[in-house]
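Single-structure report; data block below.
The values are calculated or read from the model by the stated rules, or taken from the named source; none is laboratory data. Computed from a predicted model, the values in this text were never measured in an experiment. Virtual Cβ from ideal backbone geometry, glycine too; neighbours counted across all protein chains shown. For accessibility, only protein heavy atoms count, side chains too; no ligands or nucleic acids. Shrake-Rupley method; radii C 1.70, N 1.55, O 1.52, S 1.80 Å.
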Amino acid sequence: MHLDHPVTLPQRHTYSADPRHPDGSHRALRIGFGGPVGSGKTATVAALCRTLRDRLSIAVVTNDIYTQEDAAFLRREAVLPPERIAAVETGACPHTAIRDDISANLEAVEQLEQALEPLDLILIESGGDNLTATFSRGLVDHQVFVIDVAAGDDIPRKGGPGITTADLLVVNKTDLAPYVGVDLDAMAADSRRQRKDLPFVFTSLTAADGVRPVADWVTECLAARHPGATR
Amino acid sequence: MSRTALLILADGRFPAGGHAHSGGMEAAVASGGVHDTASLEAFCRGRLHTAGLTAAGLAAAAATGYDALALDDAADTRTPAPALRRVARRLGRQMMRAARATWPCAGLDHLARHRPQGPHQPVVLGVAARAAGLTALDAAHAAVYESVGGPATAAVRLLSLDPFEATAVLARLADDLDAVAAAASDAAGRVAVEGVTVLPAASAPLLDITGEQHAAWAVRLFAS
């Protein structure tokens, strides 16, 4: 497991989404999860919920290509109570709903906040898309891009906005590396080259507590946002 | 009026959630009713003269400054299918968000405060048009264009239809669009004196029925 930078600096990012409610109270931290189809976005979100739900109040918004498959998976897995999971339909264009026209996602986020207040964290999962899919800063505070080892070790080298600009790059399914002939060290070197000083982590969700590097990063983001209020 | 403001409001890229809705096209494609350019044109013509005309009348009336809450009630009356009412209000909320950020004004704030669950989308469109300095006819044009532009784009995605042909369909309907917008605007010009009953109430029963059915599909690409 590689954790490129022990400490991330989320406060360097500018917020275009107002981090406060009109009454001055802090709203929930919003983190977007994007990445190609099948890379493990939903599995990562599910594992994060299981790891963090005992100490944080969490809700999830899914953006599906077909109706509510990811939301249905999360409900079936019972990672959160069903009222904490909302699905947004995207009209066959998941990247539009998270970047160009974020109105439906903002609706979902605000309805969850109203119904479940206080929320600490809202995870917004994109529908599986391509390497250019990124979240609007008007929708999320931070974004995570999830790729996987089995899709080929040249993905970090190919770059694209998701790989190069996401606040955290997750290279998932490291357990499959021996079976697909992937050199993890080369993937790490390519990731470092593409991302300069932005962090990336390698994960295997089949391992016990395999989502820990991502959970730690999320916890750091929350701590940086509420200095002195870490739980 | 500002011609540019009209272009911004009517642009399919205006971030008000329309991209996720097919205006009944997904159900029409699934039933085989729309399968090529000719059937796309027939669908658009039908939607224009029914749902499009009704929406344009409401939008134009709202753009005159007529009581938006009364128009919202009139929109409910003209939308018998519960699923389509929900869609219209959800899209109204989304348009409200985009419009308040784009053209902040007391009229939009008032409407949002009294319809927290979302006003019908055409009413928001009309109030937004007024806020942008547009006329009732402008608002009607934006509404009729949206009534066919959304389904045509959806048809391109659903049928892999040639996008040039789909756009040519819209261009061929231009005279119809102008005529329907003018009729809607004329009616809106009388609403202050004669009340909301003067506004068009053309319905498309098949769109109502398939809209209700589509909302219950387990697997779909579009929200409506």
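Using alpha carbon coordinates only, what is the Rg to Rh ratio of the protein assembly as shown, with Rh defined as the Kirkwood radius?
On the way: Rg = 23.7 Å, Rh = 23.3 Å.
Rg/Rh for the protein assembly as shown comes to 1.02.
How would you rank B:210-221, B:22-33, highest first, on the average number of other Cβ atoms within 10 Å across their residues? Show your work: numbers first, answer last.
On the way: B:210-221: 16.1, B:22-33: 22.0.
The packing order, highest mean first, is B:22-33, B:210-221.
Mind checking which helices in chain B clear 24 Å along their axis (Cα) and have mean Kyte-Doolittle hydropathy of 0.0 or more, DSSP H runs only? Before the final figure, lay out each step's value.
On the way: long enough: B:82-102 (30 Å, -0.62); B:136-159 (35 Å, 0.77); B:174-194 (30 Å, 0.45).
What comes out of the filter, once short or polar helices are dropped, is B:136-159, B:174-194.
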Write down the Kirkwood hydrodynamic radius of chain B, to one decimal in angstroms, obtained as one divided by the mean of 1/r over all alpha carbon pairs. 17.0
Which FRET efficiency, nearest 0.05, do A:Tyr179 and B:Ile8 yield, Cβ-Cβ r, R0 45 Å? 0.30
Indicate the residues belonging to the stretch A:87-110 that lose 50 Å² or more of solvent-accessible heavy-atom surface (probe 1.4 Å) upon moving from the chain alone to the assembly of all protein chains, ignoring ligands and nucleic acids. A:Glu89, A:Gly91, A:Asp101, A:Ser103, A:Glu107
Computed over the stretch B:82-127, the relative contact order (Cα-Cα under 8 Å, seq sep at least six) in percent reads 54
Taking a virtual spin label 7 Å from the Cα of B:Ala101 along the C-beta vector, which residues in the stretch B:207-224 bring their backbone nitrogen under 16 Å of it? none
Segment B:Ala201-B:Ala182, extension gain: residue separation times 0.36 nm, minus the distance between their alpha carbons: 5.3 nm
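Where the only charges are on Cβ atoms (+1 Lys, Arg; -1 Asp, Glu), what is the dipole of the stretch A:19-161 about its Cα centre, to the nearest 20 debye? Walk me through the intermediate numbers first.
Details: 14 positive and 21 negative charges, 75 e Å.
With only Lys, Arg, Asp and Glu charged at Cβ, the dipole is about 360 debye.
Give the carbon-plus-sulfur fraction of the accessible surface of the stretch B:163-212 in %, rounded to a whole number; probe 1.4 Å, heavy atoms of protein chains only.
With neighbouring chains kept in place, the figure for the stretch B:163-212 is 63 percent.
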Between B:Phe164, B:Phe14, B:Phe43, find the one with the highest GNM mean-square fluctuation for chain B; connect C-alpha pairs within less than 10 Å. B:Phe164
For the stretch B:3-113, what does the relative contact order come out to in percent, with C-alpha contacts under 8 Å and a separation of six or more? 32
With the full set of protein chains in place, find how many percent of the accessible area of chain A is carbon and sulfur; take the probe as 1.4 Å. 53
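Report D for the stretch A:65-190 in µm² per second (integer): Stokes-Einstein, Kirkwood Rh on Cα pairs, 4 °C, 1.567 mPa s. Spell out each step's value before the answer.
Working: Rh = 16.1 Å.
Rounded, D is 80 µm²/s.
Averaged per residue, what accessible area in Å² does the protein assembly as shown show with a 1.4 Å probe, protein chains only? Mind showing how you got there, number by number?
Numbers: 18860 Å² over 455 residues.
That works out to 41 Å² per residue.
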In a Gaussian network model over chain B where Cα atoms closer than 10 Å are linked, find which of B:Ala136, B:Ala152, B:Ala70 has the largest mean-square fluctuation. B:Ala70
Work out the length of the dipole vector of the stretch A:73-231 about its Cα centre, built from +1 on the beta-carbon of each Lys and Arg and -1 on the beta-carbon of each Asp and Glu, and round it to the nearest 20 debye. 340
Subtract the Cα-Cα distance of A:Gln111 and A:Arg53 from 0.36 nm times their separation in residues, and report this length gain in nm to one decimal. 18.9 nm
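Expressed as a whole percent, how much of the Cα-Cα distance distribution for the stretch A:56-105 exceeds 15 Å? Can you show the working numbers first?
On the way: 536 of 1225 pairs.
So the pairs more than 15 Å apart make up 44 percent of the total in the stretch A:56-105.
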Where labels lie 7 Å past Cα in the beta-carbon direction, separation of B:Arg172 and A:Arg76 in nm: 4.4
Shape box of the stretch A:150-203 [Cα atoms, principal axes, largest first, Å]: 29, 18, 16
Per residue in the stretch B:11-31, which ones lose no less than 20 Å² of accessible surface when going from chain alone to all protein chains (1.4 Å probe)? B:Pro15, B:His19, B:Ala20
Any idea of B:Cys105's accessible area? Nearest 10 Å², probe 1.4 Å. 40
Threshold 10 Å², probe 1.4 Å: give the residues of the stretch B:72-99, in number order, that are less accessible with all protein chains present than with their chain alone. B:Arg90, B:Arg93, B:Gln94, B:Arg97
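Rounded to the nearest 0.05, what FRET efficiency do A:Val37 and B:Asp73 give with R0 = 56 Å and r taken as the Cβ-Cβ distance? Could you check? Walk me through the intermediate numbers first.
Details: r = 45 Å, r/R0 = 0.80.
The formula returns an efficiency of 0.80 here.
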Report, to the nearest whole %, how much of the accessible area of the stretch B:30-97 belongs to carbon and sulfur atoms, 1.4 Å probe, protein only. 57
Quick calc of log₁₀ I(q)/I(0), chain A, Debye, one scatterer on every Cα, no solvent, q values 0.08, 0.11, 0.16 1/Å, result -0.26, -0.50, -1.12
Got the relative contact order for the stretch A:137-231 handy, in percent, Cα pairs under 8 Å and 6 or more residues apart? 26
If each part is reduced to its alpha-carbon centroid, the stretch A:158-231 and the stretch B:108-144 end up apart, in Å, by 45
Based on the mean of other Cβ atoms within 10 Å per residue, sort peptides B:169-182, B:109-122 so the most packed one is first. B:109-122, B:169-182
Heavy-atom accessible surface buried between B and A, both sides counted, 1.4 angstrom probe, nearest 100 Å², is 1600
